[in-house]
Structures are given as C-alpha cells and as structure tokens.
Amino acid sequence: MTHSPALQKVPPTVVSLADHEQHARQQLDDNAWAYFSGGAADEITLRANRSAWDALTLWPRVLRPLAGGHTRVSLLGRTLAHPILLAPIAFQRMAHPDGELATAYAAAALGAGLVLSTQASVPLEPIAEAVLSDPGRGPLWFQLYLQHDRGFTRALVQRAEAAGYEALVLTVDAPTSGIRDRERRTAFRLPPGISPVNLAGLQPAPTRQLQPGQSALFDGLLHQAPTWDDIAWLRSITHLPVLLKGVLHPADAKQAVAAGAAGVIVSNHGGRTLDTAPSTAVALPRVAQAVAGAVPVLVDGGIRRGTDVLKAMALGASAVLVGRPAVHGLAHAGAAGVAHVLRLLRDELEVAMALTGCKTLADAPSALSAD
C-alpha cells in the first residue's frame, strides 16, 4: 500500500499562485530552483508565455442569467469537473520528500487530471495505486519520452497500461535539450537518492564513432531522435490513446491528426527548449484552427490565473495544464500546497466566467470578443 503524504498547511497570506512561487523560492536551493524555474537561453519564450496571456483582454458582460452554471468539460470521453490538469514535471522529490505522490493525491482530491512524467522520482505504479480508486479524480495519463531502446519503451508502455494509466502523452518537442543557462551556472545535478526511477535498467545508447569534423548532435545524438514513423509504431503497441505534447506549428497539428493522435498539447516545454519560440497563447488559436475540432487541443505554458484558463478556453483549448505552480505549492506545503494551487485556479475561473457572462465554458469565446 502507498503511504499518505505528510499533512502540511498553506499560510493564510498565500492567496495567489505568485504567493506560492515566493514561498517556494524560500524553500528550494539554487540547484533545484534553476531546474524548476529556468528556461532556455535568454528566457524570452519563458517570459512571453506569461505576458501573452496578460495581453489578452476579457470583456465583462452584465445582467446575464448565470445561475446553474458550471466549469465542466468533456475530454476523451470523460466529463471533468473543470478543465485544469497538472502537466508532467520531472524529479518532484527535489521539491518535497513526497514528490509526485503528494501531487497525485492533491490532483485527485481537486478533480484535476494528472500527467506523470517519465522522469518522475516516484515509480508510476504506486502513483496509480494511490488515486485510481478515487471516484472524483480527473484523468491519469503517463507522459512518455521515446527511448533509444524500443524494447525498453514497449515495456514501459506495458507497465503504464497494467498500472491503469488512461492515455499516453508523448513529448515531441525535445529531440535535444535546450540551452539552459541557469542550470549551467549552478552546475545542476540531481541530489543523492533522486533519479528517474521509471527508467531504471535502461542501458545507455550505443556511442556512434564520429569522424573528425562531425557534429556530436547531428551525427550522433539525433540518430536516436523520434520521427513521425515512431508515432505509428507507438500506436501499434498500445491500446491507449496517444496525445502529442509540444505542438506549436499548425502544419504539425494537421500531421498529428493524420498520424492518429488522440489529441495535441500546445506547448513550448515551458520555454525550456527553443528560446524565441512563440508563446503558447499565440500558437493556440492557430493550432485549434488547423485541427478544426478533429481532436482535443490542450495548452500549457504561463497559466497563472483563472482568467488565463478562461482565455485559453476562448481560444480553442479543450483543457489546460499547469506545471511550475504545482511544484511551487508542493515545495512549501506538500500536497496541501498543490491542492491550494488547483483550488485557487478553479475559484478564479468561476469568478472570471461570472464576470464575463459565461454560464458554461462553451460561452468562453464571447469573453474575448466585443462583437
């Protein structure tokens, strides 16, 4: 049996996700802070993710009948209490000893979906065991990086299926890591006792013999990078729906649908891969238009207020994912902190809906329009 996470309290002065971030900074050392908070290069995309949501204007509406409204949405055949999921973030035990287990309990308690990272610091099986029996929980998905060893990837997928995960979220925007200056300045390293436990036993990729003048990236590492052909292979070995995470270009969104993806997640990896990539708020409506309702479109990146959630839904999202705020809550208040982050977002979403005259999220597009 899995243990319950330690019970902690959120200080009464914490009333926003920004407050959670400030408290988390006091708890995390420079090593962990660089990993969880840093972005690629000059962090232009990291900042743009946030500023792009701020730049969108909501239009208040008055005297509209709102009684009986709700935040429910439909996603992959399920009705969810609200459209907020937790994005996959690796190594959460760097933030709190309970790590992903605390995050999972909080998500289940608040009816939020959870996407567990391949590089979680708690094994995937006890996470599923802890929450699958909760009748009010949201979806439980497993985020996947395709490994160089297809046999290992197949076994990992089979573990996720056997444990009860309901979808696979394949990250497709990181054939190589971004240039992360913050991590390099702190000489980032995993603390003792923390590792990607779900990848235990994976042997290193064979080293390619490089000729003088060849690129270690193009002539070495990228020979292992996944391509569209791997999407077909992955779908052939699992009965679970496969969503592609990291889609920004409309043409890639169309190709994802053609390849049989069950959904796409508009994401720039939290600004951690390609700096100066577009913000997700800018990319979202383009991807939604390209997909044209064929599959759900989700979005992450910079969402810090319930108003951001409403804006995302207005731009065509089926649901949103939040990442760093969950780690911030986790770092200073454990499971209670994560739950508080989710509660704040849902409460703020309901208020934003009421003040823009949106009885349900089907009305969200009107919140961005003065027509």
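The values are calculated or read from the model by the stated rules, or taken from the named source; none is laboratory data. Because the structure is predicted, anything quoted here is derived from the model rather than measured. For neighbour counting, all protein chains shown are included, and Cβ atoms are generated from backbone atoms with ideal geometry for every residue, glycine included. Accessible surface areas use protein heavy atoms only, side chains included; no ligands, DNA or RNA. Shrake-Rupley method; radii C 1.70, N 1.55, O 1.52, S 1.80 Å.
Kindly establish whether Leu17 is under 18 Å from the mean Cα position of the chain (by Cα) and surrounded by 13 or more Cβ atoms within 10 Å (Cβ to Cβ).
yes
How many residues are assigned to a helix (DSSP H, G or I) and within 12 Å of His70 (Cα to Cα) if we restrict to the range 353-363?
Of the residues in the range 353-363, 5 are assigned to a helix (DSSP H, G or I) and within 12 Å of His70 (Cα to Cα).
From Gly293, Gly316, grab the single residue that is outside any helix (DSSP H, G or I), open to solvent by 40 Å² or more (accessible area, probe 1.4 Å) and closer than 20 Å to Thr79 by Cβ.
It is Gly293.
So Pro204 clears everything in (1) in a loop (DSSP other than H, G, I, E, B); (2) in contact (Cβ under 8 Å) with a residue 12 or more places away in the chain; (3) not polar (S, T, N, Q) except one condition, right? Which one?
Among (1) in a loop (DSSP other than H, G, I, E, B); (2) in contact (Cβ under 8 Å) with a residue 12 or more places away in the chain; (3) not polar (S, T, N, Q), the lone unmet condition for Pro204 is (2).
Test Pro191 against the stated conditions and say whether it is modelled with pLDDT of 95 or more, open to solvent by 40 Å² or more (accessible area, probe 1.4 Å) and not β-branched (Val, Ile, Thr).
yes
Restricting to the range 145-186, count the residues that are free of Cβ contacts under 8 Å to residues at least 12 places away in the same chain and either in a strand (DSSP E or B) or within 18 Å of Trp33 (Cβ to Cβ) (or both).
1
All but one of (1) surrounded by fewer than 24 Cβ atoms within 10 Å (Cβ to Cβ); (2) without any contact (Cβ under 8 Å) to a residue 60 or more places away in the chain; (3) in contact with a helix residue (DSSP H, G or I) (Cβ under 9 Å, 6 or more places away or on another chain) hold for Leu284; which doesn't?
Unmet condition: (1).
Modelled with pLDDT of 95 or more and closer than 27 Å to Pro12 by Cβ: does that describe Leu349?
So Leu349 passes the test.
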